[in-house]
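Each remark here refers to the structure printed beneath this line.
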Amino acid sequence: QLQDGDAALRIPNRLPAATRYELARKALVQRQADAVLYDLTPTHHQPRGLIWSRAGDMASLAKGRKAAVLMHEYALGSESGAGLKRRLWGWAQRLGIKRFARLLDAPRLAATNALYAQMMQRDGLAGDMVELYGNVPVRPAPAQNWCLVRLQEAGIPGSRTRGFYLTGFF
């Protein structure tokens, strides 16, 4: 049950899948959600990522809502040198993902990297790539030290000879 002010509903993975989907469905109705974003890692829904049997329950969360899917894992078994068992596993995983996508009403699809986006397109799932902090391409360094400039703007004098770093984690 979501309480006023709750930003997210945390559903324990140890609950049966049917219970988890029902709790999620109730929360979406309670919040009168207009859209659902699936940050999809198939192995979070089924240990091997074989979501064929869960595709209907997963898609039902977006019934009557806009849907977007951000693929964090795709096409296991496609790697060079994968054995027959792993390739078959990847094939079955892709079938489940395709079934899930077809059950959604015009979903917006994206992947976390260019390889997954290309594989999805190859499999008939037109998707874009979303740049995340871990896959943003390296660009030429700015002419001046941006970190030092920001620290100086914040009133922290800094020193070019001391060499310190400011970091943030999220």
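The rows are residues; the columns are (1) among the hydrophobic types (A, V, I, L, M, F, W, C); (2) assigned to a helix (DSSP H, G or I); (3) in contact with a strand residue (DSSP E or B) (Cβ under 8 Å, 6 or more places away or on another chain).
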site: 26; (1), (2), (3): no, yes, no
site: 33; (1), (2), (3): yes, no, no
site: 43; (1), (2), (3): no, yes, no
site: 48; (1), (2), (3): no, no, no
site: 57; (1), (2), (3): no, yes, no
site: 63; (1), (2), (3): no, no, no
site: 67; (1), (2), (3): yes, no, yes
site: 70; (1), (2), (3): yes, no, yes
How many residues, within segment 82-108, are open to solvent by 30 Å² or more (accessible area, probe 1.4 Å) and not in a helix (DSSP H, G or I)?
5
In segment 37-81, which residue that is acidic (Asp, Glu) and open to solvent by 30 Å² or more (accessible area, probe 1.4 Å) is modelled with the lowest pLDDT?
79
Give segment 5-36 a look and list any residue that's surrounded by fewer than 13 Cβ atoms within 10 Å (Cβ to Cβ), under 21 Å from residue 65 (Cα atoms) and in contact (Cβ under 8 Å) with a residue 24 or more places away in the chain, or say none.
18, 30, 31, 34, 35
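The values are calculated or read from the model by the stated rules, or taken from the named source; none is laboratory data. This is a predicted model, so every value here is computed, not measured. Every residue, glycine as well, gets a Cβ built from its backbone with ideal geometry; the counts of neighbours run over all protein chains shown. SASA here: full protein model, heavy atoms, side chains in, ligands and nucleic acids out. Shrake-Rupley method; radii C 1.70, N 1.55, O 1.52, S 1.80 Å.
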